[in-house]
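A.B. asks: Quick one: structure below, then a few questions.
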Amino acid sequence: MVMAASSSNSLGSSGSAWSKWQIALAVGAPVAVGIGIWYLKNSGSTTGQDKDSIKEDGRKNKMASTASGQTSLDMGEEPNVPFEPVEESPLKKALNNKAVGNKYFKSGKYAEAIKCYDSAIEICPKDKKFDLSTFYQNRAAAYEQMKKYEEVKNDCTLALSLNPKYVKALQRRAKACELTKDLQQSLEDVTAACILEGFQNQTTLLTADRVLKELGRQHAKEAMAKRTPVMPSKHFIKTYFSSFIEDPITNSLVQEKESDSAEADLRGLARAKQAFKSQNYEDIIPACSEEIETGDDNHKMEALVLRATFHLLLGEHSKALSDFEAVIENEEANVKLRVNALIKRASLYMQLEQSSKSLEDFNRAADIDKDNSDVYHHRGQVHLLMEKVTEAMNDFNKAVTVNPDFPIAYVQKCYTDYRYAFSTRNMEKMEEVMKAFQQAIQKFPKCSECYTLFAQVLSDQQEFDKADTYFQKATEVEPENATVYVHRGLLQLQWTGDVPKAIDMINQALKMDDRCEFGYETLGTIEVQRGNLRHAVELFDKAIPLAKTELEMSHLFSLRDAAVAQATVAEKMGIQIANVDLP
């Protein structure tokens, strides 16, 4: 996201005030640690026969988990030691060797334990696959204690070749693969373990979450290095600039008279401004560059801020930072331009997960221009993202005090006051907030944000019918606002559980704006729950290039990786999931 895009775009990583947990719950699909492993058993993907075989396999392998995870060894029925010198079958001898190995293991004598497991494996009849798999798994446990992770992986692989649903071997190989940075295999193994355990083992779920995050970061870093900048939709850009009431560039456009010259005849900043008016956004950076390179000093700072803003919108962070700095550090530059550059750089720092630098820039902006409403509005958004609700309330109060006619700041104040009243269970304050929302709508009837945020609050209060009414009003005010249609789709899931209707609304949003990352991500998560993993991956693949930061991209890759892993595992285990044949 671009931090300052709008109130709805500033409240969540994908343009939504709803958290990923809320989206998941809306479709009736719990998420493993909020990262995208969906409970296949809740969607009816695991057949009764599959479940029975999983339970039986669990009994055979003694897979019952404890609060701290699973035991390291499969103990089995240990014979008494020392052994009686009577005729023993090869299996009995192998089990005796395993028993001795287990005792060595418990004593921390891992090398001796391995020798015993070696003997057990050598002696054991090859048709005793269950016992043989246990010997390999126990030897892997000993190698794990010695940090010999390649040996761990090899033994777990041998165990799984004999017993493909062996949870302990899957968990152990997942851990070894994670430690050796074979994250793809680790994810497949831990996903299989999650399915076999019915998503009931918290330790396994946490491992899945951790691996998904690390794999997502890895994929995002690779993708960002070769990312092609994508210009956001015209509506997104319009919404972004509407979140500034004191933007010196857009304000100057309102005051300037229409040029009699054709756009092709204009040069530099004049051409950039005309391109902005005509929504020919692709021409703005070249036109600003022309001004910066050949124009006079009077307009150079303005051109730098406008070029930096579009670098920011394109996700070209280093270029944006360079241009912003040139303006910020020029004390001769116009104060409004410097403050605008500080606010935008602060928002960019927040996107880059550098919150301390972000707040430093906001504080510096407030020192330079203490009566600039934009400073407090955008700092309030950052505080809200940081879950600092009290600080956010103070900022939005200040923004509205400085400029009572700033509609987005006004309704953001209402929303933040609601968050505070809800968290403190202050019913009197809650009633005040609901009245304040109505006043905001009366005061700013053409601001779609007023309707959208109020609708989200009503939805939170489970007043779904009213919420839908206000979402509809938002679409009447701003028919091209795709995000509202995504919100309405989510509302349908939460309210009526009507999945086809929700999908239809989100598809409407994507027809309006084929660059709506929030729409692709939301629809992808719904398709995962429905078992349509192929389509889900296609949707995540459309969302990923639209992400502007590594953090956003990492999240999207985590969702994609989870869907691919589930499809791969389900196919291997014979679980029937629609469209499981992913490439």
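A.B. asks: Filter segment 317-347 down to residues that are surrounded by 19 or more Cβ atoms within 10 Å (Cβ to Cβ) and among the acidic types (D, E), then give me how many there are.
C.D. replies: Qualifying residue count for the region: 1.
A.B. asks: Filter the helices (runs of 4 or more DSSP H) completely within segment 310-418 down to those with at least 3 residues that are under 23 Å from H235 (Cβ atoms).
C.D. replies: 335-351, 373-385
A.B. asks: Of the residues L385, L337, L314, which is under 19 Å from D247 (Cβ atoms), hydrophobic (A, V, I, L, M, F, W, C) and in contact with a Leu (Cβ under 9 Å, 6 or more places away or on another chain)?
C.D. replies: Just one listed residue meets the conditions, L337.
A.B. asks: Could you tell me which numbered condition E449 fails, if it satisfies all but one of (1) open to solvent by 60 Å² or more (accessible area, probe 1.4 Å); (2) closer than 28 Å to K511 by Cα; (3) of a type in the set (D, E, K, R); (4) assigned to a helix (DSSP H, G or I)?
C.D. replies: In the conditions (1) open to solvent by 60 Å² or more (accessible area, probe 1.4 Å); (2) closer than 28 Å to K511 by Cα; (3) of a type in the set (D, E, K, R); (4) assigned to a helix (DSSP H, G or I), E449 misses (1) alone.
A.B. asks: Another question, if that's okay. Please state which one of T191, T203, T228 is of a type in the set (S, T, Y), touching a residue at least 12 places away in the same chain (Cβ under 8 Å) and surrounded by 17 or more Cβ atoms within 10 Å (Cβ to Cβ).
C.D. replies: Exactly one of T191, T203, T228 is of a type in the set (S, T, Y), touching a residue at least 12 places away in the same chain (Cβ under 8 Å) and surrounded by 17 or more Cβ atoms within 10 Å (Cβ to Cβ), namely T191.
A.B. asks: Quick check: anything in segment 531-540 under 28 Å from S448 (Cβ atoms), crowded, with 24+ Cβ neighbours inside 10 Å and of a type outside the set (K, R)?
C.D. replies: yes
A.B. asks: Quick test of your reading of the structure: E480 fulfils all but one of (1) of a type outside the set (S, T, Y); (2) in contact (Cβ under 8 Å) with a residue 60 or more places away in the chain; (3) in a helix (DSSP H, G or I); (4) open to solvent by 40 Å² or more (accessible area, probe 1.4 Å). Name the failing condition by number.
C.D. replies: (3)
A.B. asks: Here is a further query. Go through segment 452-462 and give me each residue that's assigned to a helix (DSSP H, G or I) and surrounded by fewer than 21 Cβ atoms within 10 Å (Cβ to Cβ).
C.D. replies: Answer for segment 452-462, where residues must be assigned to a helix (DSSP H, G or I) and surrounded by fewer than 21 Cβ atoms within 10 Å (Cβ to Cβ): just D460.
A.B. asks: Inspect all residues belonging to segment 507-525 and state whether any of them is of a type in the set (D, E), part of a loop (DSSP other than H, G, I, E, B), closer than 23 Å to A547 by Cα and open to solvent by 70 Å² or more (accessible area, probe 1.4 Å).
C.D. replies: Yes, segment 507-525 has at least one match.
The values are calculated or read from the model by the stated rules, or taken from the named source; none is laboratory data. From a predicted model like this one, the values you see are computed outputs, not experimental measurements. Using ideal geometry, Cβ is built from the backbone for each residue, glycine included, and neighbour counts are taken over all protein chains shown. These accessible areas exclude ligands, DNA and RNA; they are computed on the full protein's heavy atoms, side chains included. Shrake-Rupley method; radii C 1.70, N 1.55, O 1.52, S 1.80 Å.
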